[in-house]
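Trainee: Before we start, here is the structure in question, set down as structure tokens.
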Amino acid sequence: MHCLQPHQTRRDAPSNYELALAAELESAYRAGAYELGDLTAALNVSGLRPPSGSDWTPDTLTAELARVGGKEAGPAWQLDPGPRSGLTIVDTADELLTHGLRDQWYALCPAGAVRRGELVRLNRVGESLLLWRDAAGEVHVQRDRCPHRSAPLSQGVHLGDRVACNYHGVQVDGTGKVVSVPGSPGCALEGRQAVMTFPACERAGAIFAWITETGSVPTPLELPEQLTSDEWENFPCYVEWDAPYQLSLDNVMDPMHGAFLHRESHSMSFGKREAAFQIRDAATGFLFEKTDQKSVNFDWVEWIDNGYQAMRLDIPYPESAGPGGAFAIIAMLTPTGPHTHAAFFWRCRKVSGWQRDSWRFLYRVVLEERHWHVLEQDRAMIERMPRDAVAGEGLYQHDIALVRVRRLLRRRAEEYLRERAKKTGVARARGTKEMAAFE
């Protein structure tokens, strides 16, 4: 697996001017210059001038922050597609938890990793998937198997509104229907909905898909407000790690590790190293929070189960990050194999106007790399955990949240398998009948 790059919000290194401006902004914020007028005065004292060479004014500073804090192209993504595999059969709760629960939304990859005219193969949640965009730019997520002989469609040809298998030319559209069989026009395969197609959409810079075995109708994808509200700004961060996704889940549901593993980070070097916790129910999950410390370190985490699983938390920013308060993290995990996973960590801040532009600029130039350093501490620890880590652990009070999540997911897995068992006979009989039509 790739760890990917620490700079996901820009392609080019910042200029000397941008580095100097970031340093002066951090210095001014650290000194308490949070108002636009105070910030303007601090920059004029610093000696750094805008490209025009004139003195800073509130208007020129606002315009310059808007320019340097504007949208930029992300990286040229090179994702690890994961192993090629056949259909993953899950018959036990343990197998289902290893490969990922079904009938829910997953964040598959950055939206920019699927470009028009290209076919992308990814292994996600025990499925070999084909991702592609049609001529209108709409993304499609399908099982990467031609309905003729199961050849990988991802090795085929993009034809705008359809994909042609490179083995025998069978053409499949974005709904999974076979629209042409050039080698045998008019055969029984033409016109059939023959390729498993997963409901998909593009949100918050990511491609999401509803992963299902049975063709269940997806629930509406209602993401946290940090990713949908105009009052919030967010940057996605995408990683691929060589560890089971459950270890990352346990890590995020464990706020106490922030005071130890991240004790030398830019945002979690403060606060106590001991704490008492409580669990508090929420509308779509629960909160796990310290009772004796607030807004100092990684002091709480929320588990969200709302047609997808996610975790939300707040991390206080140092004063040098400027106005806007703490930044929020929305974390989502997606299994890519039994011992690998992909993850999104959206960094979000409730800012507007020039303050939004200031944060965007500082994030791209200096803050993103500092956040990456913290993630690397997590990765290094998680990837070095032994395969039998859970079997040998000795838990205590700080671990009650991760234990609760484990139980919730196992209950979901067991309920799913019970419901599936009621339909298995019908599904097998239907599959046998379909095969007989070609004999």
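Trainee: Mind giving me the FRET efficiency for Arg192 and Arg411? R0 is 35 Å, r the Cβ-Cβ distance, nearest 0.05 is fine.
Mentor: 0.40
Trainee: Another one. Give me the distance in nm between label points sitting 7 Å out from Cα along the Cα-to-Cβ direction at Ile89 and Asp305, one decimal.
Mentor: The two pseudo-label positions are separated by 2.9 nm.
Trainee: While we're on this one: In nm², what is the average projected area of the convex hull enclosing the Cα atoms of segment 189-264?
Mentor: 9.1
Trainee: Another one. When you take every Cα atom in segment 96-248, what is the radius of gyration, and what is Dmax, the widest Cα pair distance, in Å?
Mentor: My reading of the Cα-based Rg and Dmax gives 16.6, 56 Å.
Trainee: Continuing with the same structure: Among residues other than Arg263 whose Cβ falls under 15 Å from its Cβ, what is the net charge (Lys/Arg +1, Asp/Glu -1)?
Mentor: Net charge around Arg263: -3.
Trainee: Also, quick follow-up: How large is the Kirkwood hydrodynamic radius of segment 41-182, counting all unique pairs of alpha carbons, in Å?
Mentor: 18.8
Trainee: Follow-up. Calculate, in nm to one decimal, what Cys201 and Glu138 gain on full extension: separation in residues at 0.36 nm each, minus their alpha carbon distance.
Mentor: This chain segment gains 21.9 nm when fully extended.
Trainee: Grab the Cα-Cα distance for Ile400 and Glu264, subtract it from 0.36 nm times how many residues apart they are, and report the gain in nm with one decimal.
Mentor: Contour length minus Cα-Cα distance gives 46.4 nm.
Trainee: Could I ask something else about it? Just the Cα atoms of segment 92-161, one point each, no solvent: what log10 I(q)/I(0) does Debye give at q = 0.11, 0.16, 0.22 Å⁻¹?
Mentor: Relative scattering, expressed as log10 I(q)/I(0), comes to -0.31, -0.62, -0.99.
Trainee: In deg cm²/dmol, rounded to 500, what helix-only [θ] at 222 nm does the chain give when every DSSP H run of at least 4 residues adds -39500 (n - 2.57) and the total is split over its residues?
Mentor: About -8500 deg cm²/dmol.
Trainee: Cβ under 11 Å from Asp103's Cβ, Asp103 left aside: what net charge do those residues give with Lys, Arg +1 and Asp, Glu -1?
Mentor: 0
Trainee: By DSSP, what percent of the beta bridges with both residues in the chain are antiparallel, rounded to the nearest 5?
Mentor: 100
Trainee: Further, regarding this structure: Between Ala283 and Thr424, what is the label-to-label distance in nm when each label sits 7 Å out along the Cα-to-Cβ direction?
Mentor: Result: 3.9 nm between the two label points.
Trainee: Counting only the heavy atoms of the protein chains, how much of His266 is accessible to a 1.4 Å probe, in Å² to the nearest 10?
Mentor: Roughly 40 Å² of His266 is accessible to a 1.4 Å probe.
Trainee: Of (i) 24.6, 84; (ii) 22.8, 77; (iii) 21.1, 66, which is the value of Rg and Dmax of the Cα atoms in Å derived from the coordinates here?
Mentor: Computing Rg and Dmax of the Cα atoms in Å and matching it to (i) 24.6, 84; (ii) 22.8, 77; (iii) 21.1, 66 gives (i).
Trainee: Right, another one. Amide H of Leu108: which non-local residues (sequence gap of 5 or more, or other chain) have their own amide H closer than 5 Å, using H built in the peptide plane?
Mentor: Placed amide hydrogens put Ile207, Phe208, Ala209 under 5 Å from Leu108.
Trainee: Moving to a separate point now. In terms of the Cα gyration tensor, with a ≥ b ≥ c the square roots of its eigenvalues, is segment 57-117 rounded because a/c is under 1.5, prolate because a/b exceeds b/c, or oblate?
Mentor: Taking the square roots of the gyration eigenvalues as a ≥ b ≥ c, segment 57-117 is prolate.
Trainee: Would you mind calculating the gained length between Ser150 and Glu72 on full extension (0.36 nm times residue separation, minus the Cα-Cα distance), in nm to one decimal?
Mentor: That pair, Ser150 and Glu72, stretches by 24.1 nm at full extension.
Trainee: Sum up the charges of everything whose Cβ sits under 14 Å from the Cβ of Leu221, counting Lys and Arg as +1 and Asp and Glu as -1, but leave Leu221 out.
Mentor: Within the 14 Å Cβ shell, the charges total -4.
Trainee: Another question, if that's okay. Kindly state, to the nearest 0.05, the FRET efficiency for Ala391 paired with Ser229, given R0 = 41 Å and r defined as their beta-carbon distance.
Mentor: Plugging the Cβ-Cβ distance into 1/(1 + (r/R0)^6) gives 0.45.
Trainee: Here's another thing I want to ask about it. Using 27 Å as the Cα-Cα cut-off, could you pick out the over-long pairs in Lys290/Lys350; Lys294/Lys350; Lys177/Lys423?
Mentor: Check vs 27 Å cut-off fails for no pair.
Trainee: Ok, one more. Counting only protein heavy atoms, what percent of the accessible surface of the chain is carbon or sulfur at a 1.4 Å probe?
Mentor: Looking at the chain in its full context, I get 51 percent from C and S.
The values are calculated or read from the model by the stated rules, or taken from the named source; none is laboratory data. It should be emphasised that the depicted structure is a prediction, and the values quoted were computed from it without experimental measurement. So basically every Cβ, Gly included, is an ideal-geometry build from the backbone, and we count neighbours across all protein chains shown. For the accessible areas, the whole protein counts, side chains as well, though only heavy atoms, and no ligand, DNA or RNA atoms are used. Shrake-Rupley method; radii C 1.70, N 1.55, O 1.52, S 1.80 Å.
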